[in-house]
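Undergrad: One structure follows; several queries about it will come next.
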Amino acid sequence: MHKLYYPEDKLPLSRLAPMGMQHVVAMFGATVLAPILMGFNPQTAIFFSGVGTLIFIAATRAKVPSYLGSSFAFIGPVLAVTGGSPADIPYALSGIAAAAVLYAAAAAVTMRLGSGWIDRLMPPIVTGAVVAIIGLNLSSSAVSNFINRDFALAGRADALNLLVSGVTFAVAASVSLYLRGFLRLLPILTGVIAGYALAFALGLIGLEQLAAVRSAPWLGLPPFTAPVFSWQAVLVIAPVFVVLVAENKGHLEAIGGYMKRDMSKHLGRAYLGDALATFVSALGGGTPQTTYAENMGVMAITRVFSVYNFIAAACIALLLGLCPKFGAAIQSIPAPVLGGVTVILYGLIALMGVKIWLDAKVDFCSHKNLIIAGSSIILATGLGVKGFTVAGINIAGIAFGTVLAVLLNLLLSFGAEDPQDDAACDCAPEVK
């Protein structure tokens, strides 16, 4: 097992650049996809992801290794406000800013009173389920990129795509398992480079994509948009902060579990950093921010938790936001290449939720725990990105599953106690 680098550990500058780029590659697909789905400008979203990550690192006093990117939990509520019209995005921005204010209030309470109230509201059974839901909800995206949207091998083009995704997956997995030294810390970046090279050789990168890279300017500010206040937008979007509270807590527990370090004392500042990043992003026309599970997957596979990695990644993201040519090059990465690495990353995210349960010794012979975890995961995964629409408002699977897990935990904690909570597990095999 190779060395584990903790948040405070410094790395040579020669290593920070490629490792920071690896984190940028890991977050890029989702951070660009979310604004596209919501009608935001991807270049602006990338720029504010870098700004938000630096804000987060400063707010947490460089104690919490995380990258902040576009949140998928806001897609449904934002579209409910904008109707898909870019002209209405300023109204949605006021709702996002309001969510950030409520998030900051939760941060202030946590910093003053400790994380006990959050632990009661969202015990490990809930946070583990939320993290698992994130990975499972992203699984359809990974598989559709790995194979195709029809999940069918119908011709030569599908076979070539499958070859590229398979080679990307194999290279990333092999680098992580078999190489030694510094290269072993770059499995995702190495896999993407190998997959991109193969895709280029097979002609899977279109001429229009290459032309977009050539024609894109080297330097240019992203388009900024100011929020316009709307009570309707505030009422629809602001409650989504609850999802970010659960996500951030689950991510912090997962990171702490991998490092064997209690991170709960940093929860309030992690909330504050995320809230400030989201608020600043909303002021300039960026997407709402959240700590990214994709980058947690990179940390888990490389065992490098140094915050300096994320400072480097944030600086690279800022350059992407200011350099349209660089952004166009990243956006030219073919879907099969992304599929090859996201199958690994999203699988790790789902298993992080399981690890939270294992570390907390969650009793799965408890009927209450089985109902909370099982029903929220199944419903959220079934809804997926399509989500659940009621009265014209769409709730994405991740948001629906998160809220359901929290509510079920609260509701099932009242009334008759589960007789298996404090007793030996009846379903465990008897040891003779």
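The values are calculated or read from the model by the stated rules, or taken from the named source; none is laboratory data. None of the values given here were measured: they were computed from a predicted structure. Heads up, the Cβs are rebuilt from the backbone with ideal geometry, glycines too, and the neighbour counts pull from every protein chain shown.
Undergrad: Within the stretch 318-328, is there a residue that is touching a residue at least 40 places away in the same chain (Cβ under 8 Å) and not in a helix (DSSP H, G or I)?
TA: Looking for residues that are touching a residue at least 40 places away in the same chain (Cβ under 8 Å) and not in a helix (DSSP H, G or I), one finds at least one in the stretch 318-328, hence yes.
For every residue, the table says whether it meets (1) more than 18 Å from ILE57 (Cα to Cα); (2) surrounded by fewer than 20 Cβ atoms within 10 Å (Cβ to Cβ).
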{"residue": "LEU235", "(1), (2)": "yes, yes"}
{"residue": "LEU252", "(1), (2)": "no, no"}
{"residue": "ARG269", "(1), (2)": "no, yes"}
{"residue": "GLY285", "(1), (2)": "yes, no"}
{"residue": "ARG303", "(1), (2)": "yes, yes"}
{"residue": "ILE311", "(1), (2)": "no, yes"}
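Undergrad: Answer yes or no as to whether LEU383 is under 27 Å from ALA238 (Cβ atoms), under 28 Å from the mean Cα position of the chain (by Cα) and at pLDDT 65 or above.
TA: Details: under 27 Å from ALA238 (Cβ atoms): yes; under 28 Å from the mean Cα position of the chain (by Cα): yes; at pLDDT 65 or above: yes.
Spelling it out, LEU383 is indeed under 27 Å from ALA238 (Cβ atoms), under 28 Å from the mean Cα position of the chain (by Cα) and at pLDDT 65 or above.
Undergrad: Restricting the stretch 296-337 to residues that are more than 19 Å from LEU4 (Cβ to Cβ) and polar (S, T, N, Q), which is farthest from the chain's Cα centre (by Cα)?
TA: So the residue we want is SER332.
Undergrad: Within the group GLY273, GLY297, GLY285, which residue is touching a Phe, Trp or Tyr at 6+ places or on another chain (Cβ under 6 Å) and closer than 29 Å to LEU13 by Cα? Write out each step before concluding.
TA: Details: GLY297 fails: touching a Phe, Trp or Tyr at 6+ places or on another chain (Cβ under 6 Å); GLY285 fails: closer than 29 Å to LEU13 by Cα.
Residue meeting the stated conditions: GLY273.
Undergrad: Looking at the stretch 293-306, which of the residues that are among the aliphatic types (A, V, I, L, M) and not in a strand (DSSP E or B) is nearest to VAL243 (Cα to Cα)? Give the derivation first.
TA: As a first pass, look at the stretch 293-306 and keep what is among the aliphatic types (A, V, I, L, M): 293, 296, 298-301, 304.
From what is left, the residues that are not in a strand (DSSP E or B) are 293, 296, 298-301.
Working: ALA293: 14, MET296: 18, VAL298: 23, MET299: 23, ALA300: 23, ILE301: 26 Å.
Applying the filter and picking the extreme gives ALA293.
Undergrad: Something else: Would you check if there is a residue in the stretch 208-222 being under 24 Å from the mean Cα position of the chain (by Cα) and on the phi < 0 side of the Ramachandran plot?
TA: At the first step, the residues of the stretch 208-222 found to be under 24 Å from the mean Cα position of the chain (by Cα) are 222.
Applying the additional criterion that residues be on the phi < 0 side of the Ramachandran plot yields 222.
Yes, that holds for at least one residue.
Undergrad: Taking the residues in the stretch 317-342 that are buried (at least 23 other Cβ atoms within 10 Å of the Cβ) and aliphatic (A, V, I, L, M) as candidates, determine which candidate is nearest to LEU219 (Cα to Cα).
TA: LEU320
Undergrad: Given the residues THR290, THR278, which is the only one that is assigned to a strand (DSSP E or B), buried (at least 22 other Cβ atoms within 10 Å of the Cβ), touching a helix residue (DSSP H, G or I) at 6+ places or on another chain (Cβ under 9 Å) and not basic (Lys, Arg)?
TA: Values: THR278 fails: assigned to a strand (DSSP E or B).
After ruling out the rest, the residue left standing is THR290.
Undergrad: Working only within the stretch 1-16, note down all residues that are assigned to a helix (DSSP H, G or I) and either loosely packed, with under 13 Cβ neighbours inside 10 Å or among the charged types (D, E, K, R) (or both). If you could, list the steps in order and put the result at the bottom.
TA: Step one: list which residues in the stretch 1-16 are assigned to a helix (DSSP H, G or I), which gives 13-16.
If the condition is that a residue be assigned to a helix (DSSP H, G or I) and either loosely packed, with under 13 Cβ neighbours inside 10 Å or among the charged types (D, E, K, R) (or both), then LEU13, SER14, ARG15 are the ones that fit.
Undergrad: Exactly one of (1) out of contact with any Gly (no Cβ under 6 Å at 6 or more places or on another chain); (2) assigned to a helix (DSSP H, G or I) is unmet by VAL362. Its number?
TA: Only one criterion is unmet by VAL362, namely (2).
Undergrad: Search the stretch 402-426 for residues that are modelled with pLDDT of 55 or more and pair each with any residue that is of a type in the set (Ser, Thr, Tyr) and outside any loop (DSSP other than H, G, I, E, B) when their beta-carbon atoms are under 8 Å apart and the residues are at least 6 apart or on different chains.
TA: Matching pairs, first to second residue: THR402/SER376; LEU404/SER375; LEU404/SER376; ALA405/SER376; LEU408/SER375; LEU408/SER376.
Undergrad: Determine the pairs where a residue that is under 15 Å from ASN248 (Cβ atoms) and of a type in the set (Gly, Ala, Ser), located within the stretch 114-127, has a partner that is surrounded by fewer than 16 Cβ atoms within 10 Å (Cβ to Cβ) and modelled with pLDDT of 85 or more with Cβ atoms under 9 Å apart, the partner being 6 or more residues away or on another chain.
TA: Close Cβ pairs satisfying both conditions: SER115/LYS265.
Undergrad: May I pose another question? Identify all residues within the stretch 122-165 that are over 17 Å from the mean Cα position of the chain (by Cα) and small (Gly, Ala, Ser); write none if there are none.
TA: Residues satisfying the conditions are SER144, ALA152, ALA154, GLY155, ALA157, ALA159, SER165.
Undergrad: Looking only at the stretch 67-86, which residues are at pLDDT below 90 and of a type outside the set (A, V, I, L, M, F, W, C)?
TA: GLY69, SER70, SER71, GLY76, PRO77, THR82, GLY83, GLY84, SER85, PRO86
Undergrad: Still on this structure: Select from the stretch 17-53 the residues that are among the polar types (S, T, N, Q) and in a helix (DSSP H, G or I) and write down the one among them that is farthest from ALA108 (Cα to Cα). I'd like the intermediate steps shown before the answer.
TA: Initial filter on the stretch 17-53 (among the polar types (S, T, N, Q)): 22, 31, 41, 43-44, 49, 53.
In the following step, the residues that additionally are in a helix (DSSP H, G or I) were identified as 22, 31, 43-44, 49, 53.
Numbers: GLN22: 33, THR31: 27, GLN43: 32, THR44: 29, SER49: 23, THR53: 20 Å.
Looking at residues that are among the polar types (S, T, N, Q) and in a helix (DSSP H, G or I), I get GLN22.
Undergrad: With respect to ASN309, is the statement that it is under 30 Å from ALA105 (Cβ atoms), in a helix (DSSP H, G or I) and polar (S, T, N, Q) true? Talk me through it step by step, then tell me what you get.
TA: Numbers: under 30 Å from ALA105 (Cβ atoms): no; in a helix (DSSP H, G or I): yes; polar (S, T, N, Q): yes.
In short, no.
Undergrad: Also, quick follow-up: Hey, ALA62 hits all of (1) surrounded by fewer than 22 Cβ atoms within 10 Å (Cβ to Cβ); (2) among the hydrophobic types (A, V, I, L, M, F, W, C); (3) at negative phi; (4) in contact with a Pro (Cβ under 8 Å, 6 or more places away or on another chain) but one; which does it fall short on?
TA: Every condition holds for ALA62 apart from (3).
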